Each structure stands twice: as C-alpha cells, then as structure tokens.
Amino acid sequence: MSIGLHGKAALEDAVHIDTILQEKNITYPTDSKLVIRIINRLNKIAKAHGISQWRTFVKEVKSLRLNIRHFRHVKKEPKPNARQSG
C-alpha cells in the first residue's frame, strides 16, 4: 500500500512503519484462563507418562469456561429450568 501511494520514494533502504492503528494480537489472561491451561497441561503430561489420576478436574474446567463466557454479559447467562432446580 505504501509503495502504491509513494511510488519510487518508498523503495528506500530504511522503511519506517507506523503500527499504532494496526490490530495487536494480545490476550490478557484471567485467573480462570490460566487455571484452565494449567489443568489441561497437567492432565496431558500425566496421560503421556501413564500416571493414573485420582481426579482430573474436567468438570471444573467446564464450569470455569462457562463463567468466563458469561462474565461480562450477566443478563445473557442461561437461566436454569424450573424442572432442573427441583
């Protein structure tokens, strides 16, 4: 794009690029995300080494993911059915 705009002037040895408006690939890990990654890695390592586990925390990972999903939009959290609560 820069070469198209500036022609031969853009074909210099040193090129200065402004990336202020460019999208960044940055994720900010929350405590829940870190816990999920740690649990999954430990389960994978245990499986690779043939270590039997007393508890794998798979259900906790599922609930953490749901909590992360509905963290910012509390109103969009699914409501429990009346049949399930009783």
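The values are calculated or read from the model by the stated rules, or taken from the named source; none is laboratory data. Just so we're clear, the structure is a prediction, and the values are computed from it rather than from any experiment. Neighbour counts are summed over all protein chains in view; Cβ atoms, including those assigned to glycine, are modelled from backbone coordinates with ideal geometry.
Candidates are the residues of the range 48-65 that are surrounded by fewer than 13 Cβ atoms within 10 Å (Cβ to Cβ) and β-branched (Val, Ile, Thr); the one that is farthest from ARG37 (Cα to Cα) is ILE51. Just wondering, is there one or more residues in the range 53-60 that are at pLDDT below 65 and assigned to a helix (DSSP H, G or I)? No; the residues of the range 53-60 include none that is at pLDDT below 65 and assigned to a helix (DSSP H, G or I).
Residue-by-condition table, conditions (1) of a type in the set (Lys, Arg); (2) modelled with pLDDT of 75 or more; (3) surrounded by 10 or more Cβ atoms within 10 Å (Cβ to Cβ); (4) in a helix (DSSP H, G or I):
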residue	(1), (2), (3), (4)
HIS6	no, no, yes, yes
HIS16	no, no, no, no
LEU34	no, yes, yes, yes
ILE38	no, yes, yes, yes
ALA46	no, yes, yes, yes
